[in-house]
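Here's the structure, in C-alpha cells; my notes come after.
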Amino acid sequence: MDKIVLFCKSFSGDISRAIALANSYSKFCIDKSLLFYFSVPNEDLALFSREIKPLDSRIRLLTDEDILGRNLKDSWHSQQIVKYEFFKQKLCENYFWLDSDFIFIKEFCANDFFAYNNVPYFVCSSFGFDVVSRFAQKRALGPNYDAMVNQVRSAVLQIQKTFNRSGPVLSFGAPAIWNCKILMEMDNWLTKKNTSFDWLISKIPFELNWYGEFALSVNIMPIVPHHGYGFRITTNEQAQLLSNMGINSSILASYGYLCICIASKWNNIKTSDWLPIQI
C-alpha cells in the first residue's frame with residue numbers, strides 16, 4: 001500500500017483539462033514512485049486510455065463503477081461520492097485529490113505532503129480569506145456574489161455545528177489531502193448513525209467540509225495545518241487583475257503554491273496562459 005497517491009475524478013467533458021493536468025504532473029512530479037489515479041465513468045475509459053494513460057507510466061485509470069460498486073449518473077453529487085469512496089480501494093494510506101481544472105506549476109515529491117513521519121498536512125484556512133479573489137469575483141458577478149457567499153457560509157457553518165465546534169468558519173481545500181484512517185473512522189461513524197456519505201452531501205453538498213470538520217472532531221492523528229496547495233483563478237476579472245499586478249505561475253510557485261485551478265465556471269481563461277513556459 002502506497003503512503004500517498006494523487007487522485008482525480010474526471011469525465012469526457014473535462015478531457016482537455018485532464019490532459020493539461022496530466023502533462024503538468026508528468027513534468028513536475030520528480031518522485032518516480034508517486035502514482036496518479038484518474039477515475040472516470042466506464043463509458044469514458046477508452047477515451048482516457050487513449051489520451052491520458054500514455055502521457056506518463058505512473059498514471060493509473062479506474063472506473064467510477066469499480067469504485068462505487070454500482071452505476072451512478074455522472075454529476076457534481078456523484079463526483080463527491082467517488083472522491084470519498086476511493087479510500088475503500090485500499091491502494092494508499094493517504095491521497096491528494098484535485099479536480100481536472102488544476103495544473104501543477106512547480107516540482108514536487110511525496111514528502112511535500114507530509115509534516116513529518118507519516119503525518120500528512122491538513123489543508124485548512126479561514127473561509128473567504130483570499131481578498132483579491134473575492135474582490136474580482138464580486139466585480140464579475142455583482143450583487144449575486146454576496147448572496148452566494150452567504151449561502152455557502154451558512155451551509156458550511158451548519159456542518160461545523162454538526163460536530164459541536166465553535167470558532168471561525170473554515171475551508172479545507174481543494175486540493176486536499178485525505179487520510180484513509182480518518183475516512184475509515186468516518187465510515188464507521190456514518191454506519192452507527194445508520195446513514196451514508198451519499199445522504200450527507202445530498203443535504204449539504206460540501207465534501208471538503210464534511211471531511212475536514214470530522215477530522216477535527218476525532219483524535220486520530222496530529223493536525224498540522226497547511227494554508228493550501230492550490231491557488232484558484234475563477235473569473236476573467238481576477239486573471240486580468242493578477243496579470244496587471246505582474247503575478248504569474250512562477251510568482252505563485254515562489255509563494256508556496258503547488259498548483260493553480262483554472263476554474264471552468266464563469267470564465268473563458270485559457271489554461272495555456274498560466275502554464276509555466278517550460279512545459
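The values are calculated or read from the model by the stated rules, or taken from the named source; none is laboratory data. Since the structure is predicted, the reported quantities are computational estimates derived from the model, not experimental observations. So basically every Cβ, Gly included, is an ideal-geometry build from the backbone, and we count neighbours across all protein chains shown.
What do you reckon, is SER196 within 19 Å of HIS227 (Cβ to Cβ), among the polar types (S, T, N, Q) and modelled with pLDDT of 85 or more? Criteria not met by SER196. Name the residues in the range 36-74 that are in a loop (DSSP other than H, G, I, E, B) and closer than 29 Å to ILE201 by Cα, would you? Correct list: PRO41, GLY69, ARG70, ASN71, LEU72, LYS73, ASP74.
For the range 56-101, filtered to residues that are polar (S, T, N, Q) and surrounded by fewer than 15 Cβ atoms within 10 Å (Cβ to Cβ), the residue that is modelled with the highest pLDDT is SER57.
Restricting the range 94-116 to residues that are among the small types (Gly, Ala, Ser) and under 17 Å from the mean Cα position of the chain (by Cα), the residue that is nearest to PRO222 (Cα to Cα) is ALA110. Considering only the range 113-161, state which residues are modelled with pLDDT of 85 or more, surrounded by fewer than 16 Cβ atoms within 10 Å (Cβ to Cβ), not in a strand (DSSP E or B) and not aliphatic (A, V, I, L, M). ASN117, ASN118, GLN158, LYS161 - these are the residues of the range 113-161 that are modelled with pLDDT of 85 or more, surrounded by fewer than 16 Cβ atoms within 10 Å (Cβ to Cβ), not in a strand (DSSP E or B) and not aliphatic (A, V, I, L, M). Summed over the range 217-238, residues that are touching a helix residue (DSSP H, G or I) at 6+ places or on another chain (Cβ under 8 Å) and within 24 Å of CYS124 (Cα to Cα) total 10. When residues in the range 75-104 are screened for being among the acidic types (Asp, Glu), assigned to a loop (DSSP other than H, G, I, E, B) and in contact with a helix residue (DSSP H, G or I) (Cβ under 7 Å, 6 or more places away or on another chain), 2 of them pass. All conditions but one from (1) modelled with pLDDT of 95 or more; (2) in a helix (DSSP H, G or I); (3) among the hydroxyl-bearing types (Ser, Thr, Tyr) apply to SER33; the one that does not is (2). Kindly indicate whether LEU47 is surrounded by 13 or more Cβ atoms within 10 Å (Cβ to Cβ) and either at pLDDT 95 or above or within 16 Å of the chain's Cα centre (by Cα) (or both). So LEU47 fits the description; yes. Could you check, for the range 57-78, whether at least one of its residues is under 19 Å from ARG232 (Cα atoms) and either in contact (Cβ under 8 Å) with a residue 24 or more places away in the chain or of a type in the set (A, V, I, L, M, F, W, C) (or both)? Yes: the range 57-78 contains one or more residues that are under 19 Å from ARG232 (Cα atoms) and either in contact (Cβ under 8 Å) with a residue 24 or more places away in the chain or of a type in the set (A, V, I, L, M, F, W, C) (or both). Residues that are surrounded by 15 or more Cβ atoms within 10 Å (Cβ to Cβ) and hydrophobic (A, V, I, L, M, F, W, C) within the range 23-44 comprise PHE28, CYS29, LEU34, LEU35, PHE36, PHE38, VAL40, listed in sequence order.
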